[in-house]
Amino acid sequence: MQRFIIRRLFHGVIVVFLAVTAVFFMLRLTGDPVLLFAPMDTSAKDLDEIRERLGFNDPLWVQYGRYMRDALQGDFGESTRLHRPALEVVLERMPATMELGMTALVISLVVGIPLGVLAAVRHGSVWDRLAGLLAVIGQAVPNFWLGLLLILLFAVALHWLPTSGRGSWQQLIMPATALAAASIARYARLARSTMLDVLRQDYIRTAHAKGLAGHTVLWRHAFKNASISLITTTGLEIGRLLGGAVVIEQIFAWPGIGRVTVQALLNRDFAVVTAAVVLFAVIYTVANLLTDIAYAWVNPQVRLS
Amino acid sequence: MTTAQALPRAATRGKWTRFRSSLFQDYWALAAVAFLALVVLAAIAGPLLVSGDVNKPDYGVRLKPPLTAGHPLGTDQLGRDVFDRLILGSRISVTVGFASVVIAGVIGTLIGVIAAYYGGWIDSVLMRLADVQLSFPFILLALVINAIIGLGLRNIIITLVIAGWVEYARIARGEILALREREFVEAARVVGAGNGRIMLRHLLPNIVTPIIVISTLQVARFIVAEASISFLGFGVQPPTPAWGSMISEGMEYIFAAWWLVTIPGLALALVALAVNIAGDWLRDVLDPRLKV
């Protein structure tokens, strides 16, 4: 198990390293970094001076080495807009995104899985068709539009919930729901199909034949086995939720990493963009690592391969 | 010789009949395909359907609700007709959906085939690249690429191609790895076929089905991605009517004019829904075991 974790961790470090490298070269090769933040009317002489001072006249590999050395120490430069370390700007937004993402994840697990199980147990019934319909709609409807519809209904028309911001639980409901919709659909779909597979197995018939109670067979025998595939998708799902948060945070003025990244992109504040990209990669990698560990823990075969 | 040639043609005809009959049995799929055909037609005929310049403000008729005389879907904050802008917006969605899926599909599939066929360091490099790309949310990756290479319709297609080729490469690679060791490849090599010929004539035709199925689902994903990116202020810029930027402009008037965010969003959701339904149907007809 220990060797397994170390191997996965090593893999994660490589991915983050390559991501930082990719960001560096993409930014450097596609334009003059000084022009990105210098005012339009800066003279050529001043521009040259800024370039010299910030080291942009050095060979690319020297710049890369310096950039990597700083990045390893968590220094991604200073935000050109906020005049504070970029990493700090991004990190302080992390709790907000975690709060939103985790709430959405809990909602999608609590709603999606029982919905899928119900659809599988009552295969072919009204419940099954309803779950199927919800899954198709949830997958197709763009999350930002769903968010706006929620605002129209619950804030503009009914005045039940505040339109935006963070602080109270009322403000969390709409963004978390809009974010969770697609996940609910995916969990319901997956729970349904895996449960249908499992419920057809011989050992389920055996358990029933032994005279075990229906719910014992359903949850202890069937669901336990179906849950393996649900666990493996959770890492992917966390990634998808993070991606969704980039857009959702913008609509609900939710002060998270997604919102700060979009604003940094609009302001061409690339130090903050880089720090955010790296943070996303780290969260992604950690989520996948935790999923792998959970998977190896549930399914011992994985550890040995 | 004649029988040998006649056989595949008969098989093709059988496939089409099966295609058609299965479509007419599945009402949802039929409705979805019909709706998509309508959207594509609207996109092609767009300029003929709208009256005059859709970007020209008309302050006399600002924020008129749907079903106003002369403006079936109402007008926006500058008095522009929402229906006309919706029709022209479909051109952007359809163009982006088709172009980026075709280009990303061709490039990604070729990369996947090459990686799997040659293996070794080419495979390692390409797959590490794919790993890196997949360790970011798709939409974040697309936003960053778009912010770097610049705005506009052409650049959003490039953006989606760069962000989206990975999916194809991974699927193509997986399929080819399974096929590579099969006898027919060995046989082709024995009769003297070169690597290029084996890849294009023998391996590629065998993975067309999964690639087509993924492509339909990718169309929906890319169209929604374009809308999200334009909604956030990148991609297609106002006053060009793209559904995403229409929603974004309408958001400022959400208290006064519900239709400005609702109508373009509904169009977007319906297209995504129809593509998904059609894609599911296509998968069931072509290859029911495929899990995508």
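Annotations
- Where N is the number of residues in the protein assembly as shown, Cα Rg divided by 2.2 N^0.38 Å: 1.04
- Compactness relative to 2.2 N^0.38 Å, alpha carbon Rg of the range A:181-298: 1.49
- Taking the convex hull of Cα positions in the range B:188-292, its mean projected area over all directions (nm²): 9.6
- Kirkwood-type radius of chain A, with distances r between different C-alpha atoms, in Å: 22.3
- Debye-sum result for the range B:150-205 in log10 I(q)/I(0), which assumes one identical scatterer on each alpha carbon, at q = 0.15, 0.25, 0.26 Å⁻¹: -0.57, -0.93, -0.97
- Listed by chain and number, the aspartates and glutamates whose C-alpha is less than 19 Å from the C-alpha of A:K224, apart from same-chain residues fewer than 8 away, are A:D197, A:D202, A:D292.
- Positive dipole terminus of the protein assembly as shown, leading residue within A:S43, B:V208, B:L63 (C-beta point charges): B:V208
- Coarse-grained scattering of the range B:28-83 at q = 0.14, 0.26, 0.30 Å⁻¹, given as base-10 log I(q)/I(0) from a Debye sum over alpha-carbon atoms: -0.49, -0.95, -1.07
- Residue-count net charge about B:L134 - beta-carbon cut-off 11 Å; Lys, Arg +1, Asp, Glu -1: 0
- Three principal axis lengths of the range A:94-267 [C-alpha, angstrom, descending]: 64, 32, 27
- Computed from the Cβ-Cβ distance with R0 of 35 Å, the FRET efficiency linking A:L153 to A:L82 stands at 0.50.
- Magnitude of the charge dipole for chain A, about its Cα centre and with charges confined to Cβ atoms of Lys, Arg (+1) and Asp, Glu (-1), is about 1500 debye.
- Amide H contacts under 5 Å for A:E78: A:A86, restricted to partners 5 or more places along the chain or on a different chain, H placed in the peptide plane at 1.01 Å from N.
- A straight Cα-to-Cα reach below 20 Å connects B:K56 with the aspartates and glutamates B:D76, B:D81, B:D84, B:E249, B:E252, residues fewer than 8 places away in its own chain not being considered.
FYI, it's all coordinate maths here, none of it is from the lab. Since this is a predicted model, take the numbers as computed values, not measurements. Using ideal geometry, Cβ is built from the backbone for each residue, glycine included, and neighbour counts are taken over all protein chains shown.
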